[in-house]
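The values are calculated or read from the model by the stated rules, or taken from the named source; none is laboratory data. Everything numeric here is computed off the predicted structure, so don't read it as measured data. Reconstructed Cβ throughout: ideal geometry from the backbone, glycine too, with neighbour counts over all protein chains shown. All accessible areas refer to the heavy atoms of the entire protein, side chains included, with ligands and DNA or RNA removed. Shrake-Rupley method; radii C 1.70, N 1.55, O 1.52, S 1.80 Å.
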Amino acid sequence: MINRRQFLASSALTAIYARTFAATSTETPGTTPWSNWSGGQTANPAGRFSPSSETDLVQFLQATTGAIRPVGAGHSFTPLVPTDGHLIVIDQLSGVLDDSREAMTATLGAGTRLSDIGPALEERGQAMLNLPDIDRQTLAGATATATHGTGISFPSLSGFVESLRLITPAGDILDFSATDDELNAARVSLGALGVVTQMTLKNRPPYRLRARNTVEKIESVLERFDTAAANHRHFEMFPLTHSDYALVLEIDETNADINNPPPAPEEAAAFGQAMAGWAATPPKDRQPLVDGLAEQIQPTEAVDTSYKILSNVRNNRFNEMEYSVPLHAGADCLREILRTIKEKEIDVVFPLEYRYVQRDDTWIGMSTGDEDHAAISIHRTASEDYRPYFDLIEPIFWKYGGRPHWGKIHSLSASELTKLYPRFGDFQALRKRLDPAGRLLNNHLRKILSV
Ligand SMILES: Cc1cc2nc3c(=O)[nH]c(=O)nc-3n(C[C@H](O)[C@H](O)[C@H](O)COP(=O)(O)OP(=O)(O)OC[C@H]3O[C@@H](n4cnc5c(N)ncnc54)[C@H](O)[C@@H]3O)c2cc1C
């Protein structure tokens, strides 16, 4: 017997659904406004085209001339997607298209949601190497912005892409594999080179993880961060604002039995109540409250299949700024941000996030180059104006050589970005070659790519 939830989640059903209902491309005229997950970005597209096949996508691109923007799950905070032309919705280009247990690779439709990949790969004796904090994104959307998880041994998700197929605005089909230099541009493309329709991921056999959540003083975590990051498969912390403490997360492989009960509703309610209490207290008086609560938090542990441990559900909408700074500068950059929040009495209760990401050789991924990076995030509840807070903190990231996450709020334009990436000019030239008419450009891309 399986329950309703298991039935709905079963990949057999997904496959039947895909065969039965996803057989036709759809074009919807622009009557419905679009907005991203946080509600911070909106658009009134002229229409939405949802291809059910690469052939239909090619035909659409060849039959039309206006502006287009590929959209994934709309989980980027920056205006990468908004267009008054057509959105290309890739949801129907999804699922496992091919797999090789010998090579431990799988080819997936670019519109596959990360949340669907875990169960689908598990059936084939495979698992993704890492995942970001949530799993609602599409594979194409996540890789296009160099979305990453945690771990000094793992590059961003785009680092697992062994080959991909991209369809240019003129309708040309381009296949890039490991021997093509352009693969390193197309793996993190911001949707500026064409529409990615499928990609092959390097995977591994399924595995189980144990997550351990603790609370510790920020300075003590920083002192042992490098060692802990080397000794744990994943290690990160969420520094609390106006506090000396951070929530710490260690994740390691295990063969232990699955033990992952959902959090008790009263636990979440108690934390929510505490946060409300902090928010009602002026920032200058907040530290004793926050530290007091932090000292009472007991460690928790959970064991489950990898993909169930690596990603979380985030129901409270927020906006986020994240910069990656070279690893050697990470701790000092974080310290200065926390000091600034305290000294300027910034009224923010949202914890920060501090994690390591391995370097890669993409052209414009945030961790490209010779050094691993520390990714530091700040957040602001979606109903609040994030600008005063983010504007104050952003120059600190610049001071430490930070590169902005492409999907998260930043204010940089091409003249600054070009100094941060040795191959920025190559990316600009490739974009021009693949989209000479600029069909894929919107105002934001014009600004960051200087077109
Ligand atoms: C709650 C939350 C948690 C997050 N956690 C993390 C995290 O842990 N780590 C991290 O690094 N980021 C994180 N992010 C950021 C998020 O992963 C990225 O912004 C990601 O790009 C969103 O994917 P998406 O499918 O929603 O793509 P969208 O936001 O819809 O699009 C992103 C980009 O991909 C392009 N694109 C989409 N489809 C295609 C295609 N078929 N071909 C070419 N280009 C395409 C779009 O044009 C756009 O430029 C988080 C975001 C949220 C809201």
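Here are ILE68, ILE134: which of them is within 11 Å of the ligand (Cβ to nearest atom), within 20 Å of GLU353 (Cβ to Cβ) and of a type in the set (A, V, I, L, M, F, W, C)? None of the others qualify; the one that does is ILE134.
Scanning the range 149-173 for residues that are of a type outside the set (Asp, Glu) and part of a loop (DSSP other than H, G, I, E, B) yields a total of 11.
The set of residues in the range 416-442 being open to solvent by 10 Å² or more (accessible area, probe 1.4 Å) and assigned to a loop (DSSP other than H, G, I, E, B) consists of PRO422, ARG423, PRO436, ALA437, GLY438, ARG439, LEU441, ASN442. Return the residues of the range 227-247 that are open to solvent by 20 Å² or more (accessible area, probe 1.4 Å) and either touching a residue at least 12 places away in the same chain (Cβ under 8 Å) or part of a loop (DSSP other than H, G, I, E, B) (or both); say none if nothing qualifies. Matches in the range 227-247: ALA230, HIS232, ARG233, PHE238, ASP244, TYR245, LEU247. Can you name every residue in the range 135-160 that is β-branched (Val, Ile, Thr) and out of contact with any helix residue (DSSP H, G or I) (no Cβ under 8 Å at 6 or more places or on another chain)? Across the range 135-160, the qualifying residues are THR145, THR150.
Only one of these is at pLDDT 95 or above and open to solvent by 20 Å² or more (accessible area, probe 1.4 Å): SER413, SER367. Name it. After ruling out the rest, the residue left standing is SER413. The residues of the range 142-176 that are of a type in the set (Gly, Ala, Ser), farther than 19 Å from ARG433 by Cβ and either near the ligand (Cβ under 10 Å from one of its atoms) or in contact with a Ser or Thr (Cβ under 9 Å, 6 or more places away or on another chain) (or both), listed by number, are ALA142, ALA146, GLY149, SER156, SER158, GLY159, SER163.
Residue count for the range 362-392 under the criterion of being of a type in the set (A, V, I, L, M, F, W, C) and more than 21 Å from the chain's Cα centre (by Cα): the result is 1.
Would you confirm, using the coordinates I've provided, whether LEU445 is part of a helix (DSSP H, G or I) and touching a residue at least 40 places away in the same chain (Cβ under 8 Å)? Criteria met by LEU445.
Filtering the range 248-266 to residues that are over 23 Å from GLU216 (Cα atoms) and assigned to a strand (DSSP E or B) leaves only ASN259.
GLY74 - would you say it is open to solvent by less than 30 Å² (accessible area, probe 1.4 Å), assigned to a loop (DSSP other than H, G, I, E, B), within 12 Å of the ligand (Cβ to nearest atom) and free of Cβ contacts under 8 Å to residues at least 40 places away in the same chain? Walk me through how you get there before you give the answer.
Values: open to solvent by less than 30 Å² (accessible area, probe 1.4 Å): yes; assigned to a loop (DSSP other than H, G, I, E, B): yes; within 12 Å of the ligand (Cβ to nearest atom): yes; free of Cβ contacts under 8 Å to residues at least 40 places away in the same chain: no.
For GLY74, the condition - open to solvent by less than 30 Å² (accessible area, probe 1.4 Å), assigned to a loop (DSSP other than H, G, I, E, B), within 12 Å of the ligand (Cβ to nearest atom) and free of Cβ contacts under 8 Å to residues at least 40 places away in the same chain - is not met.
Within the range 100-122, the set of residues being open to solvent by 10 Å² or more (accessible area, probe 1.4 Å) and in a helix (DSSP H, G or I) comprises SER115, ASP116, GLY118, PRO119, ALA120, GLU122. Scanning the range 30-51 for residues that are of a type in the set (Ser, Thr, Tyr) and either away from the ligand (no atom under 15 Å from the Cβ) or open to solvent by 50 Å² or more (accessible area, probe 1.4 Å) (or both) yields THR31, THR32, SER35, THR42.
Given the options ILE337, ILE396, name the one that is within 26 Å of PHE271 (Cβ to Cβ), part of a helix (DSSP H, G or I), away from the ligand (no atom under 16 Å from the Cβ) and at pLDDT 95 or above.
Only one candidate passes the filter, namely ILE337.
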